[in-house]
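Notes follow once the structure below has been shown.
The values are calculated or read from the model by the stated rules, or taken from the named source; none is laboratory data. Computed from a predicted structure; not experimentally measured. In this analysis, Cβ positions are derived from the backbone assuming ideal geometry, glycine residues included, and neighbour counts consider all displayed protein chains.
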Amino acid sequence: MTTVALIVAAGKGERSGSALPKQFAPLAGRPMVAWSHATLAAHSAVDEVIVVIGAGQEAMLAAALPGARHVTGGARRQDSVRAGLDAAAGADRILIHDAARPFLSPAVIDRLLAALDTHDGAVPVLPVPDTLVSQDGTPVDRAALRRVQTPQAFRAPALARAHGGWQGGEATDDAQMVRAAGGSVALVEGDTMLEKVTYPADFAAAEARVAMETRSASGFDVHRLEDGEELWLGGVRIPHHRGLSGHSDADVALHAITDAVLGTIAAGDIGTHFPPSDPRWRGAESGQFLSHARGLVEAKGGRVTFVDLTLMCEAPKIGPHRTAMQARIAELLGLTTDRVSVKATTTEKLGFTGRGEGIAAQAVATVRLPAA
């Protein structure tokens, strides 16, 4: 049997407080629509995922889900679903999911599709835990009430009949349309992770539900001091009679931090991404290397949370420039300065740093990433 999942993502999300429609707004480092799309696309029983977007949202979808199949929806939710149904012609089963419910589990999909063996549709529900009263304060029996979630699953012919023959007003979900057409709809166990994200506070609550792991990695770099070169450390130009020599601006501090950040996601080292043999990086400002590493972490839904840098040199003195370096590194990583540690030490005149031949840097980066 062919199963197509429709993600309804055509709304404006005006109550979310985001500059973007909420379905494209970042949630734990990923566009919200990307969370449920990934789960549906990975499920063995789902053959295709189609995203239903609003008019003019093509560029936002392309940025959030490059290459995702999509159709343009209508003014009402049911119009958007109908557009998705037309695109899914020939499917045997249809899953309809709201993009505003990002944390979908494969187990919910399994329960919904199993219920279609004996019913025209199935919806995930949860009991109502709160005491309920009517507007006049009269208690309402909550034992017979359930909270309805998505995705909702349907046999495609039953859903098509319901939409084609609908005579009511605006429908809040597809299950009520199928029931009105005489179809049977099963209630299956929902999931508390499927809470809908609507208001600004919901984004914070949703991020708190994401299982995250902490990773740390180290980076180390060395550059030679030479006459006639500028000295850049931690993104700050420091007055000195000699500077560091290298293919780029030779900012040994940013290079060490970049390697540490790349290490947290096992993405190689700075040379992997910016090879010294490439003339494009001759004299390049090293802040772009660190920004690139940060972007790779964020593309995986993570964020850098802390860096610790130690510079090893006899000269120049780092203390007078520490605050400026902290500020620049914090800017590059999107951190506050209290999450950037900059330290310096000498090697007591020992080794190449002790002889003033070069500067070494060691860094440790800590990131938070969605747990595998």
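Within the range 19-41, which residues are of a type in the set (A, V, I, L, M, F, W, C), in contact with a helix residue (DSSP H, G or I) (Cβ under 8 Å, 6 or more places away or on another chain) and under 21 Å from Leu95 (Cα atoms)? Scanning the range 19-41 gives Phe24, Met32, Val33, Ala34, Leu40. Within the range 257-287, the set of residues being closer than 21 Å to Ala330 by Cα, assigned to a helix (DSSP H, G or I) and in contact with a helix residue (DSSP H, G or I) (Cβ under 9 Å, 6 or more places away or on another chain) comprises Ile257, Thr258, Asp259, Ala260, Val261, Leu262, Thr264, Ile270, Gly287. Any residue at all in the range 229-241 that's in a strand (DSSP E or B), in contact (Cβ under 8 Å) with a residue 40 or more places away in the chain and either out of contact with any helix residue (DSSP H, G or I) (no Cβ under 7 Å at 6 or more places or on another chain) or at positive phi (or both)? So far as the range 229-241 goes, yes, one or more of its residues are in a strand (DSSP E or B), in contact (Cβ under 8 Å) with a residue 40 or more places away in the chain and either out of contact with any helix residue (DSSP H, G or I) (no Cβ under 7 Å at 6 or more places or on another chain) or at positive phi (or both).
A quick yes/no check of all residues on (1) more than 20 Å from the chain's Cα centre (by Cα); (2) over 23 Å from His247 (Cα atoms); (3) of a type in the set (S, T, N, Q):
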site: Arg282; (1), (2), (3): yes, no, no
site: Val297; (1), (2), (3): no, yes, no
site: Asp308; (1), (2), (3): yes, yes, no
site: Ala324; (1), (2), (3): yes, yes, no
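Looking at the range 197-219 only, could you name the residues that are at pLDDT 90 or above and touching a helix residue (DSSP H, G or I) at 6+ places or on another chain (Cβ under 6 Å)? Matches in the range 197-219: Val197, Arg215, Ala217, Ser218, Gly219. Just one of the listed residues (Asp221, Asp227, Asp249, Asp259) is under 24 Å from the mean Cα position of the chain (by Cα), of a type outside the set (A, V, I, L, M), assigned by TED's automatic domain parsing to the domain that holds Ala360 and closer than 30 Å to Thr310 by Cβ, and it is Asp259.
To keep it simple, each residue is scored yes or no on (1) in the same structural domain as Glu226 (by TED's automatic domain parsing); (2) at pLDDT 95 or above; (3) buried (at least 20 other Cβ atoms within 10 Å of the Cβ).
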{"position": "Gln326", "(1), (2), (3)": "yes, yes, yes"}
{"position": "Gly334", "(1), (2), (3)": "yes, no, no"}
{"position": "Val342", "(1), (2), (3)": "yes, yes, yes"}
{"position": "Thr345", "(1), (2), (3)": "yes, yes, no"}
{"position": "Glu348", "(1), (2), (3)": "yes, no, no"}
{"position": "Thr353", "(1), (2), (3)": "yes, no, yes"}
{"position": "Glu357", "(1), (2), (3)": "yes, no, no"}
{"position": "Thr366", "(1), (2), (3)": "yes, yes, no"}
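Filtering Glu170, Glu189, Glu195 for residues that are buried (at least 18 other Cβ atoms within 10 Å of the Cβ) and outside the structural domain of Ile257 (by TED's automatic domain parsing) leaves a single hit, Glu195. For the range 288-304, a residue qualifies if it is under 14 Å from Ile329 (Cα atoms) and either buried (at least 17 other Cβ atoms within 10 Å of the Cβ) or in contact with a helix residue (DSSP H, G or I) (Cβ under 8 Å, 6 or more places away or on another chain) (or both), and the qualifying residues are Phe289, Leu290, Ser291, His292, Ala293, Arg294, Val304.
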